[in-house]
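Data block below; observations after.
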Amino acid sequence: MNMLQIAWKEIKHEFRDIRTLVFMLAFPIVLMLVLGTALTGAFNEDISIDDMDVLYENTNDSLSEPFKAFTEEVEQSGIHFKPLSDGMNGKEQVEQGKVDGYVSVDQSGFHLFVNDQSSIEGSILQGALASFVDRYNLVSEITKVAPEKAEIVFSNAVKHDYIDDHALVPKKQPGSMDYYAIVMTTMIALYAAMSGSQLIAHERSRKTASRLIVAPIHKRDIFIGKVMGSIVINMACIMLVVAFSKLVFHANWGEHLGLVFLVLLTEIIFAVSFGVGVSFLIKTPAAPTMVVLIVVQLASLFGGAYFPIENPEGILKVISSLSPLTLENKAVFNLVYANDSSFIMPAIVMNIGLAFLFLLISTASFRRGEGI
Amino acid sequence: MNILEIQDLTKKFDDFIAVDDMSLAIAEGEIFGFLGSNGAGKSTTINMITGLLRKNKGSIMILGKETSKDSEFVKRHIGLIPQEIAIYEDLTAYENVKFFAGLYGLRGGELHDRTVEALEFVGLTEKQKSYPKTFSGGMKRRLNIACAIAHQPKLIIMDEPTVGIDPQSRKYILQSVHKLNEMGCTIIYTSHYMEEVEEICSRIAIIDHGKIIAEGTKEQLKSLITDSKLIFIEVKSQEAIDVDTIYKIQGVTDVKVDENTVQIHTELGVNNLNQIIDYFIRNQLEIRSLDEKEPNLETVFLTLTGRNLRDS
């Protein structure tokens, strides 16, 4: 009960603090508006792809017929398969950029060589081939059970749209406002660390810490109550930001808003715990907020909050992967634009795991120390 | 019955002994004054009583219960009025009192009634919906008191409650102390203002270097130095003062030189003022002022600790 009382008091504080409200609500909304409008050109949704030339070498006779049918089918989509000439090295041709891809078909299966797996062309080729392989495997299974029906799968009567079935690059692409709606929201959720770093320090600076400690309540209740209140208020702000961006900026938040909010909630739990943890690790009054501010800014910068970081390499890749926002944004973008929830769980596990670690440090320090 | 009993209480901060083997008993219904200079161990003792600090040795019993073992029971019966104003500026006066009273287990109608009573007690009923940021220093001090008394504690600890307020608010607070005492509360009162302690405390302890060096009613404390008086002589320069020569004057028991002021303890009834002045004139020590003090709490404190309470 005392825990809830403290949480409620915390919510009141935050709601009555105009600076916090402006920061948590107006700051992301203004940034969405400014960056989303200014960088519209950088998020062109119409992507034109030229025809693709692909070399192939087939040493697996059993696949000759179906593979030929496949190459004829994708010809209509602008993917031109040409057999590898004698003395020609397919991989070298790809490396030199003379062709878009090289496919080697042997007894062990298909081998695709492209210069950049994550390029749109590379993704289309992978998707088309994956689709073909799936269909071939399906035929093999049908042949074992009902041989007379196997031909239907590859017959001309059935229309195959290999690219549509398995294109790795999602059909939907975020516009600038869509992009900044998501990254600004995940960024401002991380800013909850700022209020986390001040949670206990504020009680000390207001001199109310002594009153809390002399009251007949457990230190644990004070700690959990304060953290809980901070999480609730930050989550409420985030929900308002999402609602505003959806209703006013018409940002796309996909069809799984519940899962998106779950990721954002765990991110806030992590952020608040991180802030609290830092305030216990660094005891000087102003230093924790400063440290948190620097970390959050760097995490935002390298996590793609101000501009998209696509296919980073070298040191940028390492730094980018260190930012929790990289995974948060990936999880939300994949969910919203590809209905792909595979990054949701890793993001949640990362958030909860890190939150647990920082809360552990904080509680150990809180229990050991005298007063607050 | 004693509401508070302290036995051999010790607190160390690394090598520094803040409270040194202190023992003390305070009876129910007393207004007990704690006198001591900064760093004497007064606040450390209060912090250990309220549970803000852990003790290194000894025992603290409140209402017959050991504070470290029955902390929840003990805390329920203590009200702390800290030296610094400890309120939330962004909660109204009512919300502040209600929040802190709620931490003591009060709920619903009882919580509301006690909150209203506490605000009424400190004269802030009219201001209950206002935010403390609009309050004067004195009003904030009164709200500080209300936050500590709404749960009706048996033992109220007031740590310098009148620092930095106007005379009217000070008078109001001192009257409140008496009223709370009449309502059955035992009060531990610390102050730098000797006259406040003299006015309201039924018993006083003087703390120095973590130890209680004197304890009793103000009359008992004054009786400790009834056989002497203090003479303060301020001179232009203290360089030529020979303490040993002053000691030789009949009736002088102690001499201290603090910057340009000479404190001379002399036996009561011995007429030696002429000789003392004569010494200063003969040695061409220009006298700027002279003050002779009969025993009071301040001279008791000075005599026992060698320091002026307000200067320390």
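The values are calculated or read from the model by the stated rules, or taken from the named source; none is laboratory data. In this text the structure is predicted, and so the values were computed from the model without any measurement. Cβ sites come from the backbone with ideal geometry, for glycine too, and all protein chains shown count toward neighbours.
Report whether or not residue B:101 is touching a helix residue (DSSP H, G or I) at 6+ places or on another chain (Cβ under 7 Å), at the interface with chain A (Cβ under 8 Å from one of its Cβ atoms) and within 27 Å of residue B:4 (Cβ to Cβ). Give the derivation first.
Values: touching a helix residue (DSSP H, G or I) at 6+ places or on another chain (Cβ under 7 Å): yes; at the interface with chain A (Cβ under 8 Å from one of its Cβ atoms): no; within 27 Å of residue B:4 (Cβ to Cβ): yes.
For residue B:101, the condition - touching a helix residue (DSSP H, G or I) at 6+ places or on another chain (Cβ under 7 Å), at the interface with chain A (Cβ under 8 Å from one of its Cβ atoms) and within 27 Å of residue B:4 (Cβ to Cβ) - is not met.
Residue B:45: polar (S, T, N, Q) and either touching a Leu at 6+ places or on another chain (Cβ under 8 Å) or modelled with pLDDT under 90 (or both), yes or no?
yes
Which members of the stretch A:237-264 meet the condition of being surrounded by 15 or more Cβ atoms within 10 Å (Cβ to Cβ), over 16 Å from the mean Cα position of the chain (by Cα) and assigned to a loop (DSSP other than H, G, I, E, B)?
A:249, A:251
Using the structure shown, decide if residue A:268 is farther than 30 Å from residue B:143 by Cα and modelled with pLDDT under 90. First the steps, then the outcome.
Details: farther than 30 Å from residue B:143 by Cα: yes; modelled with pLDDT under 90: no.
Answer is no for this residue.
Please work out if residue B:19 is assigned by TED's automatic domain parsing to the domain that holds residue B:175 and either without any contact (Cβ under 8 Å) to a residue 60 or more places away in the chain or not aliphatic (A, V, I, L, M) (or both).
On the way: assigned by TED's automatic domain parsing to the domain that holds residue B:175: yes; either without any contact (Cβ under 8 Å) to a residue 60 or more places away in the chain or not aliphatic (A, V, I, L, M) (or both): no.
For residue B:19, the condition - assigned by TED's automatic domain parsing to the domain that holds residue B:175 and either without any contact (Cβ under 8 Å) to a residue 60 or more places away in the chain or not aliphatic (A, V, I, L, M) (or both) - is not met.
What's the total number of residues in the stretch A:40-66 that are under 28 Å from residue A:110 (Cα atoms), modelled with pLDDT of 70 or more and not small (Gly, Ala, Ser)?
15
Which ones in the stretch A:5-24 are in contact (Cβ under 8 Å) with a residue 40 or more places away in the chain, surrounded by fewer than 18 Cβ atoms within 10 Å (Cβ to Cβ) and at the interface with chain B (Cβ under 10 Å from one of its Cβ atoms)?
A:8, A:15
Within 11 Å of another protein chain (Cβ to nearest Cβ), within 20 Å of residue A:4 (Cα to Cα), touching an Asp or Glu at 6+ places or on another chain (Cβ under 9 Å) and among the hydroxyl-bearing types (Ser, Thr, Tyr): is that true of residue A:195 in this structure? Break it down into steps so the answer makes sense when it comes.
Details: within 11 Å of another protein chain (Cβ to nearest Cβ): no; within 20 Å of residue A:4 (Cα to Cα): yes; touching an Asp or Glu at 6+ places or on another chain (Cβ under 9 Å): yes; among the hydroxyl-bearing types (Ser, Thr, Tyr): yes.
For residue A:195, the condition - within 11 Å of another protein chain (Cβ to nearest Cβ), within 20 Å of residue A:4 (Cα to Cα), touching an Asp or Glu at 6+ places or on another chain (Cβ under 9 Å) and among the hydroxyl-bearing types (Ser, Thr, Tyr) - is not met.
Mind checking which residues of the stretch B:10-54 are touching a Ser or Thr at 6+ places or on another chain (Cβ under 7 Å), within 14 Å of chain A (Cβ to nearest Cβ) and assigned to a loop (DSSP other than H, G, I, E, B)?
B:51, B:52, B:53
Within the group B:111, B:119, which residue is out of contact with any Cys (no Cβ under 7 Å at 6 or more places or on another chain), within 12 Å of chain A (Cβ to nearest Cβ) and aliphatic (A, V, I, L, M)?
Details: B:119 fails: within 12 Å of chain A (Cβ to nearest Cβ).
After ruling out the rest, the residue left standing is B:111.
Find the residue count for the stretch A:210-220, including only residues that are surrounded by fewer than 21 Cβ atoms within 10 Å (Cβ to Cβ) and at pLDDT 90 or above.
From the stretch A:210-220, those surrounded by fewer than 21 Cβ atoms within 10 Å (Cβ to Cβ) are A:216, A:218-220; that's our starting set.
Remaining after also requiring at pLDDT 90 or above: A:216.
The number of residues fulfilling the criteria is 1.
Can you list the strands (runs of 3 or more DSSP E) found entirely within the stretch B:176-294 that contain at least 3 residues being of a type in the set (A, V, I, L, M, F, W, C) and not assigned by TED's automatic domain parsing to the domain that holds residue B:84?
B:228-235, B:252-258
Let me confirm something: among A:353, A:277, which residue is surrounded by 23 or more Cβ atoms within 10 Å (Cβ to Cβ), modelled with pLDDT of 90 or more and either of a type in the set (Asp, Glu) or more than 18 Å from residue A:183 (Cβ to Cβ) (or both)? If you could, list the steps in order and put the result at the bottom.
Working: A:353 fails: surrounded by 23 or more Cβ atoms within 10 Å (Cβ to Cβ).
Unique residue meeting the criteria: A:277.
Taking the stretch A:287-300, which residues are free of Cβ contacts under 8 Å to residues at least 12 places away in the same chain, of a type in the set (A, V, I, L, M, F, W, C) and either surrounded by 14 or more Cβ atoms within 10 Å (Cβ to Cβ) or not assigned by TED's automatic domain parsing to the domain that holds residue A:202 (or both)?
First, the residues of the stretch A:287-300 that are free of Cβ contacts under 8 Å to residues at least 12 places away in the same chain: A:287, A:290, A:294, A:297.
Among the residues that remain, those that are also of a type in the set (A, V, I, L, M, F, W, C) are: A:287, A:290, A:294.
Passing the criteria: only A:287.
Can you find a residue that is at pLDDT 90 or above and either acidic (Asp, Glu) or not in a helix (DSSP H, G or I) (or both) anywhere in the stretch A:306-319? Walk me through it before giving the result.
Within the stretch A:306-319, the subset at pLDDT 90 or above is none.
There is no residue in the stretch A:306-319 that is at pLDDT 90 or above and either acidic (Asp, Glu) or not in a helix (DSSP H, G or I) (or both).
Looking only at the stretch A:88-125, count every residue that is modelled with pLDDT of 85 or more, among the small types (Gly, Ala, Ser) and surrounded by fewer than 19 Cβ atoms within 10 Å (Cβ to Cβ) and tell me the total.
Here the count works out to 0.
Given the residues A:240, A:262, A:212, which is the only one that is more than 21 Å from residue A:18 (Cα to Cα) and away from chain B (no Cβ under 14 Å)?
Values: A:240 fails: more than 21 Å from residue A:18 (Cα to Cα); A:212 fails: away from chain B (no Cβ under 14 Å).
From the options A:240, A:262, A:212, the qualifying one is A:262.
Kindly check whether there is at least one residue in the stretch B:80-91 that is outside any loop (DSSP other than H, G, I, E, B) and either among the charged types (D, E, K, R) or within 10 Å of chain A (Cβ to nearest Cβ) (or both).
Looking for residues that are outside any loop (DSSP other than H, G, I, E, B) and either among the charged types (D, E, K, R) or within 10 Å of chain A (Cβ to nearest Cβ) (or both), one finds at least one in the stretch B:80-91, hence yes.
Looking at the stretch B:104-116, I want the residues that are assigned to a loop (DSSP other than H, G, I, E, B) and have a partner that is of a type outside the set (Gly, Ala, Ser) with Cβ atoms under 7 Å, at least 6 apart or on another chain. Which pairs are those?
Between residues of the stretch B:104-116 that are assigned to a loop (DSSP other than H, G, I, E, B) and residues that are of a type outside the set (Gly, Ala, Ser), the close pairs are B:104/A:216; B:104/B:76; B:104/B:151; B:106/B:114; B:106/B:151.
What residue, among those in the stretch B:1-16 that are of a type outside the set (D, E, K, R) and surrounded by fewer than 17 Cβ atoms within 10 Å (Cβ to Cβ), is modelled with the lowest pLDDT?
Step one: list which residues in the stretch B:1-16 are of a type outside the set (D, E, K, R), which gives B:1-4, B:6-7, B:9-10, B:13, B:16.
Filter once more, keeping what is surrounded by fewer than 17 Cβ atoms within 10 Å (Cβ to Cβ): B:1-2, B:7, B:10, B:13, B:16.
Values: B:1: 82, B:2: 91, B:7: 95, B:10: 95, B:13: 91, B:16: 92.
The residue in question is B:1.
Determine the pairs where a residue that is without any contact (Cβ under 8 Å) to a residue 40 or more places away in the chain, located within the stretch A:325-338, has a partner that is crowded, with 24+ Cβ neighbours inside 10 Å with Cβ atoms under 8 Å apart, the partner being 6 or more residues away or on another chain.
Filtered contacts from the stretch A:325-338: A:326/A:303; A:326/A:304; A:327/A:347; A:330/A:347.
Only one of (1) loosely packed, with under 15 Cβ neighbours inside 10 Å; (2) within 14 Å of chain B (Cβ to nearest Cβ) is not met by residue A:85, so which one is it?
Condition not satisfied by residue A:85: (2).
Which pairs turn up if I take residues in the stretch B:246-272 that are aromatic (Phe, Trp, Tyr) and look for partners that are outside any helix (DSSP H, G or I) with beta carbon separation below 7 Å, at least 6 apart in sequence or on another chain?
Going by the 7 Å Cβ cut-off, the qualifying pairs are B:247/B:255.
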